[in-house]
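Peer 1: Before we start, here is the structure in question, set down as structure tokens.
The values are calculated or read from the model by the stated rules, or taken from the named source; none is laboratory data. Since this is a predicted model, take the numbers as computed values, not measurements. Cβ: placed from backbone, ideal geometry, glycine included. Neighbour counts: every protein chain shown. The area values use the complete protein model at the heavy-atom level, side chains included, leaving out ligands, DNA and RNA. Shrake-Rupley method; radii C 1.70, N 1.55, O 1.52, S 1.80 Å.
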Amino acid sequence: MSRIAACFTELKARGRKAVIPYIVAGDPGVELTVELMFTLVEAGADIIELGVPFSDPMSEGPVIQRGHERALERGMRLRGVLEVMTEFRKHNEHTPVLLMGYANPVEHMGHAQFADRAFASGVDALLTVDIPPEEVAGLNHELRRVGMDNIFLIAPTTPAARMDLIAKEASGFIYYVSLKGVTGAGNLDREAVARSVAEIRSHTSLPICVGFGIKDGPSAAAVAAVSDGVVIGSALVQRLADVAQAGGDDAAVLAAARDMLSDIREHVDGNVSSAA
Amino acid sequence: MTIDLNPLSFSNQPDADGRFGSYGGKYVAETLMSALAELEAVYRQLSEDADFQAEFDYDLAHYVGRPSPLYEARRWSDEIGGARIFFKREDLNHTGAHKVNNTVGQALLAKHMGKPRVIAETGAGQHGVATATIAARLGLECHVFMGAEDVQRQSLNVYRMKLLGATVVPVTSGSATLKDAMNEAMRDWVTNVDNTFYIIGTVAGPHPYPMLVRDFQCVIGREARAQCLAQNGKLPDALVACVGGGSNAIGLFHPFLNDETVAMYGVEAGGLGIETGQHAAPLSAGSPGVLHGNRTYLMQDADGQITHTHSVSAGLDYPGVGPEHSWLKDIGRVNYVSANDEEALAAFHKTTRVEGIMPALETAHALAYAERLAATMTPDQHIVVNLSGRGDKDILTVARLEGIEV
């Protein structure tokens, strides 16, 4: 069983929902990334989503775009992300990590080489925003060969017929993009998300996690209540960048990450009043 | 417009998945996949609809001013002393470039799909102007994304777009040029996909764009082919066009692809010289990858990051190229070459002074290569150069480069 499948089995047994923080590898600091991952796990992350910096992150809003730019300026590339993973796995064998990025760095490394190197460094899954199921055959062949999961997005614009196509190629979990737009945009409509998640469930038995538009504990709790997990991206990237840019040292950045994720964990677990 | 039913191998691309050989495809976020499918279905239906064709042909004749002339550059050809050079005068189109052929077509699609809002990316501003123009005529809301650096170097076109009622959005992310404008247009589209039609300006992007932009631009080559036969009694020996994304080039080349005797040259922007790495010539010095929805030749580094480009012409300053060009390169049907900034500027002055035709700096790259090519040929041979745009927009750039205050 893959780490991700095991993770959701365990969560289900305990009646919990997945909390999945997203950070851009190398932001707000290259050396800080591994420490940040440990901190997020300690603060309650079930799975970590690690952004692979790309020069042209077409689906990202301004917050994560700037995260990619900062990471690239510091020299973080796909190869560096795999080094971060190797380091992380020296101390954590348990927490699943998925890489989220764009097609070209993976294409450039080559599907087979990417699969071998990513798996060897302890990566569990890949989410490439710009590789829809129609284009994924070659890549998926290699990911399956090494036993890595491929996470796919389903959007509010995805018709039922495409859900079957996506479910056929996907493994690990389904990532439901809760709104039309780029990362960090807009506000969530909980009822609409609930309806969409229910619709997706009729096409797949995979867990369904929801991202885009989750800003804080209450919005995370609202979405977690109608899905299997939540992804927190832009709000976290923004918070860490704010602390770093205000002159905060590594300890301050880690503390901010811990505070934010702990708060989200508590809300998702229902340990605080939803009126909070 | 007619759909090309020619069964020969060069003209039956792309396949059902939008692929030209291994290039093309649909590499976009899931949110856009159903919009692309809808666009493809509407386009396939309308491209066989006689009323739609008549509407498009009417607009090309009465609004754009087609057919554009095929003009023999006698004085310049005499001076070179080699092949005779003919200009396909796309600069005489309404708005001054070939871009309008495509925007007229796509705006008609937007109208038929009931989309009240159009967006576009632009580099030199020609596609932005052509989009703003047709949006004004059809009463569509129009937003044009333009790299902040290009907003500076193409200020005249920025003002033209504003006069036409468009909102020009300067893009400061990345290198603040055409590729970043395209990123931003994609981000807008993914957010406003319900009411927005994205009018892509070149033969790049996800399927069906490379196909439908090509089909709309093929009027250039169809006219040129008929004009060569009527005026000269024979097909040309060579075609030359500049290639950024490659829409004017594919428009000229495509109707000739099955004419084996016609050689073709796509001229990329050599910038400061291919050897310096400061250029915008992915077919000459790049490698295949995935960007902006399609697999194609790209300028990229050892980690698959897209590298910054350089060209004196904003319209060629793009790290990718249309996927059909990548395929035509690999199969050897078209030769892809380059002309650098200096050669393009020299050609700009040359055709202005010798023919009284001031070309766009993009077009000047094609002219620079045509001059080189013509010198190796004989006076009984003919070259058709796509005079893809006029140079008024570049006057300030040229003056600045030469230290002249206007």
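Peer 1: Picking from A:Phe119, A:Phe114, which residue would you name as being free of Cβ contacts under 8 Å to residues at least 40 places away in the same chain and buried (at least 24 other Cβ atoms within 10 Å of the Cβ)?
Peer 2: The conditions single out A:Phe114.
Peer 1: Scan segment A:211-223 and tell me whether some residue there is assigned to a helix (DSSP H, G or I), open to solvent by 40 Å² or more (accessible area, probe 1.4 Å) and touching a His at 6+ places or on another chain (Cβ under 9 Å).
Peer 2: Checked segment A:211-223: at least one residue is assigned to a helix (DSSP H, G or I), open to solvent by 40 Å² or more (accessible area, probe 1.4 Å) and touching a His at 6+ places or on another chain (Cβ under 9 Å).
Peer 1: Exactly one condition in (1) hydrophobic (A, V, I, L, M, F, W, C); (2) free of Cβ contacts under 8 Å to residues at least 60 places away in the same chain; (3) outside the structural domain of B:Ala185 (by TED's automatic domain parsing) is not met by B:Ala83; state its number.
Peer 2: Status for B:Ala83: all satisfied but (2).
Peer 1: Here's a follow-up. Out of the residues in segment B:21-50 that are touching a Pro at 6+ places or on another chain (Cβ under 7 Å) and under 14 Å from B:Val290 (Cα atoms), state the one that is farthest from the other protein chains (Cβ to nearest Cβ). Step through it out loud before you land on a result.
Peer 2: Quick first cut of segment B:21-50, residues touching a Pro at 6+ places or on another chain (Cβ under 7 Å) only: B:23-24, B:26-28, B:30, B:33-34, B:36, B:39-40, B:43.
Going one step further and asking which of them are under 14 Å from B:Val290 (Cα atoms), we end up with B:23-24, B:26-28.
Values: B:Tyr23: 12, B:Gly24: 10, B:Lys26: 6, B:Tyr27: 5, B:Val28: 6 Å.
Selected residue: B:Tyr23.
Peer 1: How about segment A:144-154: which of its residues are closer than 20 Å to B:Glu30 by Cα and surrounded by fewer than 22 Cβ atoms within 10 Å (Cβ to Cβ)?
Peer 2: Listed by number, the list holds a single entry, A:Asn150.
Peer 1: Right, another one. Which condition number does A:Gly75 fail, the rest of (1) over 26 Å from A:Phe152 (Cβ atoms); (2) buried (at least 20 other Cβ atoms within 10 Å of the Cβ) being met?
Peer 2: Exception for A:Gly75: condition (2).
Peer 1: What's the total number of residues in segment A:140-163 that are within 11 Å of chain B (Cβ to nearest Cβ) and under 15 Å from A:Leu99 (Cβ atoms)?
Peer 2: 2
Peer 1: Taking the criterion of being open to solvent by 20 Å² or more (accessible area, probe 1.4 Å), within 14 Å of chain B (Cβ to nearest Cβ) and farther than 30 Å from B:Val171 by Cβ, would at least one residue in segment A:79-101 satisfy it?
Peer 2: Among the residues of segment A:79-101, at least one is open to solvent by 20 Å² or more (accessible area, probe 1.4 Å), within 14 Å of chain B (Cβ to nearest Cβ) and farther than 30 Å from B:Val171 by Cβ, which makes the answer yes.
Peer 1: Sort out which residues of segment A:190-232 are closer than 21 Å to A:Val63 by Cβ, over 15 Å from the mean Cα position of the chain (by Cα) and not hydrophobic (A, V, I, L, M, F, W, C), and write them in order of number.
Peer 2: Answer for segment A:190-232, where residues must be closer than 21 Å to A:Val63 by Cβ, over 15 Å from the mean Cα position of the chain (by Cα) and not hydrophobic (A, V, I, L, M, F, W, C): A:Asp216, A:Gly217, A:Pro218, A:Ser219.
Peer 1: While we're looking at this one, here's another question. For segment A:79-88, does any single residue satisfy the condition of being of a type in the set (Gly, Ala, Ser) and modelled with pLDDT of 95 or more? Walk me through how you get there before you give the answer.
Peer 2: Quick first cut of segment A:79-88, residues of a type in the set (Gly, Ala, Ser) only: A:80.
Checking which are modelled with pLDDT of 95 or more leaves us with A:80.
Within segment A:79-88, one or more residues are of a type in the set (Gly, Ala, Ser) and modelled with pLDDT of 95 or more.
Peer 1: Oh, and also: Which of the residues that make up segment B:112-135 are open to solvent by 10 Å² or more (accessible area, probe 1.4 Å) and under 16 Å from B:Leu36 (Cα atoms)?
Peer 2: B:His112, B:Met113, B:Gly114, B:Lys115
Peer 1: I've got another one for you. Being over 18 Å from B:Leu373 (Cα atoms) and in contact with a Cys (Cβ under 9 Å, 6 or more places away or on another chain) narrows it down to one residue among B:Gly273, B:Gly315, B:Gly277; which is it?
Peer 2: Of the residues listed, the single one that is over 18 Å from B:Leu373 (Cα atoms) and in contact with a Cys (Cβ under 9 Å, 6 or more places away or on another chain) is B:Gly315.
Peer 1: With respect to A:Glu31, determine if the residue is farther than 26 Å from A:Asp269 by Cα and open to solvent by 10 Å² or more (accessible area, probe 1.4 Å).
Peer 2: Judged against the criteria, A:Glu31 is a match.
Peer 1: Could you check segment B:183-200 and list, in sequence order, the residues that are under 25 Å from B:Ala16 (Cβ atoms) and either within 12 Å of another protein chain (Cβ to nearest Cβ) or touching a strand residue (DSSP E or B) at 6+ places or on another chain (Cβ under 6 Å) (or both)?
Peer 2: Of everything in segment B:183-200, those that are under 25 Å from B:Ala16 (Cβ atoms) and either within 12 Å of another protein chain (Cβ to nearest Cβ) or touching a strand residue (DSSP E or B) at 6+ places or on another chain (Cβ under 6 Å) (or both) turn out to be B:Met186, B:Trp189, B:Val190, B:Val193, B:Phe197, B:Tyr198, B:Ile199.
Peer 1: Right, here's the next one. Return the only residue of B:Pro288, B:Pro282, B:Pro236, B:Pro210 being of a type outside the set (Gly, Ala, Ser), within 14 Å of chain A (Cβ to nearest Cβ) and either at positive phi or open to solvent by less than 20 Å² (accessible area, probe 1.4 Å) (or both).
Peer 2: B:Pro282
Peer 1: A follow-up question, please. Given the criterion in contact with a helix residue (DSSP H, G or I) (Cβ under 7 Å, 6 or more places away or on another chain) and within 28 Å of B:Arg75 (Cβ to Cβ), identify the matching residue among B:Ala314, B:Ala368.
Peer 2: Numbers: B:Ala314 fails: within 28 Å of B:Arg75 (Cβ to Cβ).
Step by step, each of B:Ala314, B:Ala368 is checked, and only B:Ala368 is in contact with a helix residue (DSSP H, G or I) (Cβ under 7 Å, 6 or more places away or on another chain) and within 28 Å of B:Arg75 (Cβ to Cβ).
Peer 1: Which one of A:Ser55, A:Ser59 is more than 17 Å from A:Ile20 (Cα to Cα), without any contact (Cβ under 8 Å) to a residue 24 or more places away in the chain and in a loop (DSSP other than H, G, I, E, B)?
Peer 2: Details: A:Ser59 fails: without any contact (Cβ under 8 Å) to a residue 24 or more places away in the chain.
After ruling out the rest, the residue left standing is A:Ser55.
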